[in-house]
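The values are calculated or read from the model by the stated rules, or taken from the named source; none is laboratory data. Keep in mind that this is a model prediction, so the values were computed, not measured. Cβ placement follows ideal geometry from the backbone for every residue including glycine, while neighbour counts extend to all protein chains displayed.
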Amino acid sequence: MIPIKDDNPQINTPYATYLLIFLNIMIWLIVQNFGSGVQYEESICKFGLIPYSLIYEKALTTCLELNQFGYLSILSSMFLHGGWMHILGNLLFLWVFGGNVEDTMGSLRFICFYIFAGITAGIAQIITNIESIVPMIGASGAIGGVMGAYLILFPKVKVHILVPLFIIFWTFRVPAFAMLGYWIVLQIFDGLNSFGSSGGGIAFWAHIGGFFFGVITIHLFKDNELLHGHPYHGWKQKNDASSIWDNPKNKQK
Amino acid sequence: MFCRQMKNEDLNDVINVIDTHDEDDAEDALRDFENNGINFQWVITNNDKIIGTSGFRPILETDNSAYISWTYIDKKYCKQGFGNQIFEFILNELNKVKVNKIFIKISNYEDKKGNSPYQAAIKLYEKHGFELEIISKDFYDKYEDQLIYSKDLRSNLDENILKKEEKPTIRFVDIFEIAETEGSYSFEWKVVNKPLFQKRSFTADDLLIGIEAVKERKGRKVFITFPSNLPLIHSPLQEAGFKYIGELKNYYELGIHEMHFVHDLG
């Protein structure tokens, strides 16, 4: 289920979303060498989040020896990716959902929100995989936060999704609460199933941690004045702000 | 009959023309010319004697809207067609500078006998296609309302044009008594950069502070206007007890009107 766009109008230019997409791409190209070679492998070890390295400060493998970034790796890991599909998939989700969430809080606040969502995602992954020596990388925890916020802010807005059926791709419009609700349920299910596995693969608990960070803290980050009059905010249809003057009691006598 | 631009040396004669109708208006006009100059003001002469005046004032921050200013014909020369001539001349000048919409403010004052010095002018405006848009009750004084007439000179008016809403940070900076009125006040506001951790919009409390200040000055009413594309103004205005008078359509530009509000201090 791949979101490709939504019916939510973009009110202001999403500078922070553009910046985050740009940063991710630049790091992929320059630091991770397009995902190839020794530079790429070393970047994951150096800057990825390795729970064992953080908690025990011991190096059991060469990769762990390279991992000297300490707690800053919670931040740096957010901007690394494991392959072209990984980065393209993440940035597509950020493109679809990020701009509208940024509209509700302004660019500076959105960057703070994004970073804190990513940090929460990292912590969630550490807690659930404390002995893991596998580096965790990817923006999907932070983007999970954006999606959680989007669910609370714009539950009814229609999202266009691409669904592959054999060799054909179909597009459907579904309300955000359905698409994002389905997505988080899947993450939780897969996350529970991942307990006891040897490591590697998708960091489901990072997705879940980031998502619920967004759901819970959006009330602190959103600017109600920016949201005022937004046609898709919440569940109820909003009246035009000036309609209060239609009431005869509010008119000059 | 000849129309020409007003010169500084015409000032006394112009004031005398206005004085033939209303002494208070003449005083206000003199003050206005001294403060704001005589650009865009014309006089009509008959045998080299100034017998009337008219003009307009471009409205800043609008897409070429203008107000008609100080339009009078000497009482001795009224009902002889001179008012019509100078008014048509001014409308022609407005067309030359491609003004989009013209507004005229006028009083509905009547003396004790029920005569209004402005009735002839109102008939002149209506004859030239001006329509009444707003009546602000008791604007100039108790029982003396302000009427605002307007005429749109654009040929293609899209009534359904939608304008993007804006949410600037607005703060009140001054309280002043409106010129030519007795006890009508207004609040000057401006758009500022949003301070960190503060709201964009003013609050009802901000308005009430201003209203209290007007009460101390023994004001009767507070009038205030805002563009129609600011959604954050309505709640605090309504909470503070302001009432809606009406709007001047397409005042700022097509689709953005000037909304007028009033608070009656009783």
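General remarks:
- For B:ILE44, the conditions (1) of a type in the set (A, V, I, L, M); (2) touching a helix residue (DSSP H, G or I) at 6+ places or on another chain (Cβ under 7 Å); (3) surrounded by fewer than 16 Cβ atoms within 10 Å (Cβ to Cβ) all hold with the exception of (3).
- B:SER228 small (Gly, Ala, Ser), within 10 Å of chain A (Cβ to nearest Cβ), surrounded by fewer than 20 Cβ atoms within 10 Å (Cβ to Cβ) and in contact with a His (Cβ under 9 Å, 6 or more places away or on another chain): no
- Any chance B:GLU165 is within 30 Å of B:GLU188 (Cα to Cα), within 14 Å of another protein chain (Cβ to nearest Cβ), within 18 Å of the chain's Cα centre (by Cα) and in contact (Cβ under 8 Å) with a residue 60 or more places away in the chain: no
- Any chance B:ILE245 is of a type in the set (Val, Ile, Thr), under 30 Å from B:GLU131 (Cβ atoms), buried (at least 19 other Cβ atoms within 10 Å of the Cβ) and at pLDDT 95 or above: yes
- Selection status of A:TRP95, closer than 19 Å to A:ALA176 by Cα and either of a type in the set (D, E, K, R) or not in a loop (DSSP other than H, G, I, E, B) (or both): yes
- Restricting attention to the range A:230-239, the residues being within 12 Å of chain B (Cβ to nearest Cβ) and either touching a strand residue (DSSP E or B) at 6+ places or on another chain (Cβ under 8 Å) or at pLDDT below 80 (or both) number 3.
- You will find that of B:THR20, B:THR71, the residue that is touching a residue at least 24 places away in the same chain (Cβ under 8 Å), hydroxyl-bearing (Ser, Thr, Tyr), in the same structural domain as B:LEU132 (by TED's automatic domain parsing) and in contact with a strand residue (DSSP E or B) (Cβ under 7 Å, 6 or more places away or on another chain) is B:THR71 and no other.
- Selection status of B:ILE50, aliphatic (A, V, I, L, M), closer than 19 Å to B:THR181 by Cβ and in the same structural domain as B:LYS127 (by TED's automatic domain parsing): no
- Looking only at residues in the range B:168-203 that are within 14 Å of chain A (Cβ to nearest Cβ) and among the small types (Gly, Ala, Ser), the one that is farthest from B:LEU230 (Cα to Cα) is B:SER184.
- First in the range B:89-111 and without any contact (Cβ under 8 Å) to a residue 60 or more places away in the chain, second anywhere and of a type in the set (Lys, Arg) and surrounded by fewer than 20 Cβ atoms within 10 Å (Cβ to Cβ), Cβ under 6 Å, 6 or more apart: B:ILE102/B:LYS151
- Taken as a whole, the range A:188-198 holds at least one residue that is surrounded by 18 or more Cβ atoms within 10 Å (Cβ to Cβ) and either over 30 Å from B:PHE223 (Cβ atoms) or of a type in the set (A, V, I, L, M) (or both).
- Residues (in a loop (DSSP other than H, G, I, E, B) and exposed (fewer than 14 other Cβ atoms within 10 Å of the Cβ)) located in the range B:105-127: B:ASP111, B:LYS112, B:LYS113, B:GLY114, B:ASN115
- If the condition is being among the acidic types (Asp, Glu), more than 14 Å from every other protein chain (Cβ to nearest Cβ) and more than 25 Å from A:GLY229 (Cβ to Cβ), then the range B:123-162 contributes B:GLU126, B:GLU131, B:ASP141, B:GLU144, B:ASP152.
- Check on A:ILE127, in a helix (DSSP H, G or I) and closer than 18 Å to A:HIS81 by Cα: no
- Taken over the range A:204-226, the criterion of being of a type outside the set (Val, Ile, Thr), more than 10 Å from chain B (Cβ to nearest Cβ) and surrounded by 16 or more Cβ atoms within 10 Å (Cβ to Cβ) is satisfied by A:PHE204, A:TRP205, A:ALA206, A:HIS207, A:GLY209, A:GLY210, A:PHE211, A:PHE212, A:PHE213, A:GLY214, A:PHE221, A:LYS222.
- Checked against the criterion of being among the acidic types (Asp, Glu), farther than 27 Å from B:GLY210 by Cα, in a loop (DSSP other than H, G, I, E, B) and touching a Leu at 6+ places or on another chain (Cβ under 8 Å), the range B:157-164 contains one or more residues that satisfy it.
- The range A:1-54, residues that are exposed (fewer than 15 other Cβ atoms within 10 Å of the Cβ), out of contact with any Phe, Trp or Tyr (no Cβ under 9 Å at 6 or more places or on another chain) and in a loop (DSSP other than H, G, I, E, B): A:GLN10, A:ASN12, A:THR13, A:SER36
- Output for the range B:47-73, where each listed residue is surrounded by fewer than 22 Cβ atoms within 10 Å (Cβ to Cβ) and in contact with a Gly (Cβ under 6 Å, 6 or more places away or on another chain): B:SER69
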